[in-house]
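To keep things clear, I will list the structure first and then write my remarks on it.
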Amino acid sequence: MLYQVIMTVDLPRDLASEEATRILAQEKAYSQDLQRSGKWRHIWRIAGQYANCSIFDVRDHDELHQILSGLPLFPFMEISVTPLLRHPSAIREDDR
Ligand SMILES: O=C(O)CC1=CCC(=O)O1
């Protein structure tokens, strides 16, 4: 199943910079592993915001929840999820 996920990051102002650097490095590695696996299909920065728009291709809601709740930045993000399905006018075979 495909999902659009909007993640908006809100790091606490009092978070030590070393801790922030460590979490961001973990987040990048976690995200890039999932991108290589094909489960995290796209990640785009939303212009002008500390937020991204991502597309996930996972088995079901449970797998998406497991992935999102494992994000190192999970405690510091607001996340919104929109399930997607193939549009009848889509021409790309992998849009499903
Ligand atoms: O910077 C972000 O949008 C948060 C994030 C999610 C995966 C990643 O590498 O950064």
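Points to keep in mind about this one:
- Simple point charges give the picture: +1 on the Cβ of Lys and Arg, -1 on the Cβ of Asp and Glu, and for the chain a dipole about the Cα centre of about 300 debye.
- Computed over the chain: relative contact order in percent, which uses C-alpha pairs under 8 Å that are six or more apart: 47
- Exposure proxy for Met7, Met77: other Cβ atoms within 10 Å of each Cβ, ordered fewest to most, give Met77, Met7.
- FRET efficiency, Asp10 to Leu84 (Cβ-Cβ, R0 35 Å, nearest 0.05): 0.85
- Segment His61-Ile43, extension gain: residue separation times 0.36 nm, minus the distance between their alpha carbons: 4.6 nm
Every number in this text was worked out from the coordinates using simple rules, so none of it is lab data. For clarity, every value in this text was computed on a predicted model and none was experimentally measured. Backbone-built Cβ (ideal geometry, glycine too); neighbour counts: all protein chains shown.
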